[in-house]
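Note sheet for the following structure.
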Amino acid sequence: MWEAYKVRSRWRADGGRIDPKAAGPAYALPSTLLDGLSWDDVLAALDHEEGRAIEGGEPVATADERLRPKPGKLGGIFVIDQYGSMHAGQKVPGVFQHSSMTGGHCCRFAGSITVQDGRVLALTPHSGHYVPTQAEYDNLVANWRRDGLDLSEAEIGGFVKDKTHKKASMGVARQAAAAAMEAVGR
């Protein structure tokens, strides 16, 4: 809603942040309000957008800040749509995620991928909206290898999210069984 009142970006063309004190406000105030809104509501929304709404603690990331890739973050998300085309991009929480690439429509697979200098460095089947099966994940990796994609340098992430980033040659049932045996000391 507030984008209609935006008069300038918070970012320079070179990627640096514009000093709001020097450049003036990023928004122009509307001349009329929706029913039930006061000017205090408008100012509170603008404070939230500019990251000033939180007293103490960390400021809330603004929409402009969420749209900027995190420094040093190489990975992104990808989907393979129902026609077999792959789409990839940088996830922006609350703005751009897997379902954004297909408009919420069906896909064959969704996950995360890290590619650098044309080489796949990491691959996982993790998606919050689309939930691929282990068989679909195994087929994807096998098909990419069969088609000549070099995954020799890639960390093939597990089907179950694992913070230790173990290689995922085990299926989910085997991982659960191994964890259970480890718990009882076998």
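Throughout, read-outs are computed from the coordinates displayed, never taken from laboratory work. Here the structure is a predicted model, which means the values were calculated and not measured. Using ideal geometry, Cβ is built from the backbone for each residue, glycine included, and neighbour counts are taken over all protein chains shown.
In plain terms, the residue of 87, 98, 126, 105 with the fewest other Cβ atoms within 10 Å comes first and the most crowded comes last, giving 105, 87, 126, 98.
Would you kindly state how much longer the chain becomes between residue 38 and residue 100 on full extension, computed as 0.36 nm times their sequence separation minus their alpha carbon distance, in nm to one decimal?
Working: separation 62, 0.36 × 62 = 22.32 nm, distance 3.35 nm.
Computed gain between residue 38 and residue 100 is 19.0 nm.
Once the chain from residue 11 to residue 47 is taken as fully extended at 0.36 nm per residue, the excess over their C-alpha distance is 11.2 nm.
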